[in-house]
Amino acid sequence: MAIGLTEEHEALAASVRGFAARHITPAVVRTAVEAADRGDEPRRPEFWPALAAQGLLGLHLPEEHGGQGFGLLDQAVALEELGRSLAPGSYTPAVLAAALIAAGGDDKARGDLLPGLADGSRTAAVALTGALAETGGRVSGTAGPVLGAQLADLLVLPLDDGRWAVVDSADAAVEPLEALDLTRPTGSVTVADVAAGHVLAGVTGEHAHALAVVVLGAEACGVAGRALDEAVAYAKLREQFGRPIGQFQGVKHKCARMLVSLERARAAVWDAARSLTEPDERQRAYAAGVAAALAADAAVECAEGNVQVHGGIGYTFEHDAHLIYRRALTLRALLGRTSAAHAEVAALAVEGVRRPMTIELTGPDAEELRTGIRARVAELAALEPLEQRAAMAAGGWVVPHLPEPWGKAAGPLEQIVIQQELKAAKVRPVPLMIAAWVVPSLVQYGTAEQQERFLPPTLRGEIVWCQLFSEPGAGSDLAGLTTRAERVEGGWQITGQKIWTSLAREAQWGICIARTDPDRPKHDGITYFLVDMSAPGIEIRPLRECTGDAVFNEVFLDGVFVPDDRVVGPVDQGWRVARNTLANERVGLTSSFQLGGDLPKLVELATGLGLAGDPLVRDALGRLACDEHAFALLGLRATLKQLSGTDPGATANVRKLVAMEHGQQITEYGFTLLGPEGALTGGWRSDLRRRWTRYLLASRAMTIGGGTTEVNLNVIGERILGLPRDPEA
């Protein structure tokens, strides 16, 4: 998933990608490197006129000043694509300078300066550090390093009173500096009693920083994407020990981790861009802080991973891997220390600031839907609880995305409106729990008789289900199950052992997969059954966990009879049905599975212990707050992509990985704050300090349940990145 979400953003990205393929070839990049190596005077790249003619320099500028009239989010889409190409020259500095002038300049400044920046006749650069003195409209001081300073006609320099001065580069002394990024020059700028052409008083330092985070962060996402793609492509082709290196889990997991970092960074930069128009300064600061912490670090992580995957060849000057690495390191340096971003986000989190994840639906379609749904929900709200449940089940309100009559065949827009209106009216849908994974499988594969018998009472909350899938020897490798079902008169006899079964003692029915043909390949010969949990031959033993509780169970099946009409889907093809169930399980776990602590509880704990102001604690709080915000954004962006009619991609695995690891990390860190009190524990209703130890014990299950982290990394590597699958035993 790129930074942009809509079809228009996808079209823009494709257009810029095509432009880069035509004009910013590897040879063009190498020409810039060779020129820097020779010490040549920096000059605008040959593709600059074409770049301006394409309108890319003014995507984010008003039409009255020669721009395209879009916002900085659209410009971020272009920046990401040009970042992939390692575009030489001053595109990124000029875009940032124009954004600052548009945000902080008066009408005269915008009218004088923006048209030339939009049409490419002038370039500009911004000093992100420094504090120059201004007296009577004249500026003195030194700032740097300034990216693209030697290519700039205009220089935007920070003043010591928080404003910005725009000076002509001809009036400044620009000293070339030895740049880490070999494709773009960097210099220091000194002015001595120089007249400021314009002073930008309408943009605060916080706002200017947010603009820089979006611009540089978007380019960083492109750099990270380029590094990931190159690493994956090489891992598919390079062979060692008789097979592609991408088949080795060490390489596969490294590439999967790179993808996770990139997705988090894209989400954070997108959110920072959309926050720029919000009136709440703290909301803007929170979004910018998260993006500053994640974007450049992701670029560096992916660039380092790219070098590592390439091995020795990636360390040579001739390979482009070091150019990607240099660009990533430069962007991180310009954005500032990650610890500073963590501290800013932590301070806001301690104050209770959070970015809302609500979806604002506008337009006639949404309003028409809302009017009808709100009226019907009001009728549901007026019913007695049992009547309400029955009406919701009969009307398709419990699982509205499913086809009628079980759901409402609701598309993404209608689903969101239904959720919003039910919540507003305080109408709670039936808590399906395990049934939320069962119902879709019955709708897709069940017979008419099975659907009529099981779906209505399940949707009314009258049937509790459990899932008989995992076995002692078949957890993540679920298809390795050994529970067998043998044909008998009128049905099947199931014998075997299941484990980690939630609600087994409460459930009336269970979904069970068992091997019906041991001679067929591993994923074939499996059948999906509906099992009466009160049937003879079933023994349930509670499994006591490390917390001391017994949520899970072992279930022993000793010749349990299941009639033919309890088989879901074709015999021997139950893996397809199970895959449908597992897909629904992963989506559900992504959004709701939480056994440890969370950020508000961690802030409460740190505050209660008097540690919230400690710099080291603030750094950890900020890092964990960024993590929390990133996985929440991944879910929001997937929903928005569906609403816009574009494919959200395989985001469930990525978001589950981020969310589950976040839950563990935040709980582990909270435990470290306890000191000697960590030796104590208590029940869920104990005081916060003693309860935190129980959180820690419970959180160990988070990266196991619903698919272990290690298997999930394999899935990301193979199904999303297309790396070679592990060899069959």
From the options G69, G104, G83, residue that is open to solvent by 10 Å² or more (accessible area, probe 1.4 Å) and either free of Cβ contacts under 8 Å to residues at least 24 places away in the same chain or small (G, A, S) (or both): G69
Region 572-585 - residue that is open to solvent by less than 60 Å² (accessible area, probe 1.4 Å) and either at pLDDT 85 or above or of a type in the set (D, E, K, R) (or both) and, of those, nearest to A550 (Cα to Cα): E585
P615 at pLDDT 90 or above, open to solvent by 30 Å² or more (accessible area, probe 1.4 Å) and within 22 Å of the chain's Cα centre (by Cα): no
Members of region 186-240 that are open to solvent by 10 Å² or more (accessible area, probe 1.4 Å) and within 17 Å of L82 (Cβ to Cβ): R226, D229, E230
Strands (runs of 3 or more DSSP E) enclosed by region 171-213 - at least 3 residues per element that are small (G, A, S): 186-195
P727 being surrounded by fewer than 19 Cβ atoms within 10 Å (Cβ to Cβ) and not in a helix (DSSP H, G or I): yes
Complete set of residues in region 38-66 that are surrounded by 20 or more Cβ atoms within 10 Å (Cβ to Cβ) and more than 16 Å from L117 (Cα to Cα): P42
Selection from region 462-508 of residues that are within 24 Å of P518 (Cα to Cα) and of a type in the set (A, V, I, L, M): L468, A474, L478, A479, L481, A485, V488, I494, I499
Conditions (1) open to solvent by 20 Å² or more (accessible area, probe 1.4 Å); (2) acidic (D, E); (3) in a helix (DSSP H, G or I): number failed by E278: (3)
Close pairs from region 315-342: first closer than 18 Å to A87 by Cβ and part of a helix (DSSP H, G or I), partner among the aliphatic types (A, V, I, L, M) and open to solvent by 40 Å² or more (accessible area, probe 1.4 Å), Cβ under 7 Å, at least 6 apart: R326/L180; L329/L180; T330/L180; L334/L128
Region 455-471 residues that are under 15 Å from W575 (Cα atoms), paired with ones that are open to solvent by less than 10 Å² (accessible area, probe 1.4 Å) and aromatic (F, W, Y) (beta carbon under 9 Å, 6 or more apart): L468/F529
Failed item, numbered, when G352 is tested on (1) open to solvent by 20 Å² or more (accessible area, probe 1.4 Å); (2) of a type outside the set (K, R); (3) assigned to a helix (DSSP H, G or I): (3)
Of all residues in region 120-144 being touching a helix residue (DSSP H, G or I) at 6+ places or on another chain (Cβ under 8 Å) and part of a strand (DSSP E or B), the one that is surrounded by the fewest Cβ atoms within 10 Å (Cβ to Cβ): A124
Tally, over region 86-113, of residues that are small (G, A, S) and in a helix (DSSP H, G or I): 9
Selection within region 362-398 - charged (D, E, K, R) and outside any helix (DSSP H, G or I): E384
Criterion (among the aliphatic types (A, V, I, L, M) and either open to solvent by less than 40 Å² (accessible area, probe 1.4 Å) or modelled with pLDDT of 85 or more (or both)) met by exactly one of L605, L680: L605
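The values are calculated or read from the model by the stated rules, or taken from the named source; none is laboratory data. Since the structure is predicted, the reported quantities are computational estimates derived from the model, not experimental observations. With ideal geometry, Cβ positions are generated from the backbone for all residues, glycine too; neighbour counts draw on all protein chains shown. Note: accessible area is taken over every heavy atom of the protein model, side chains too, but ligands, DNA and RNA are not part of it. Shrake-Rupley method; radii C 1.70, N 1.55, O 1.52, S 1.80 Å.
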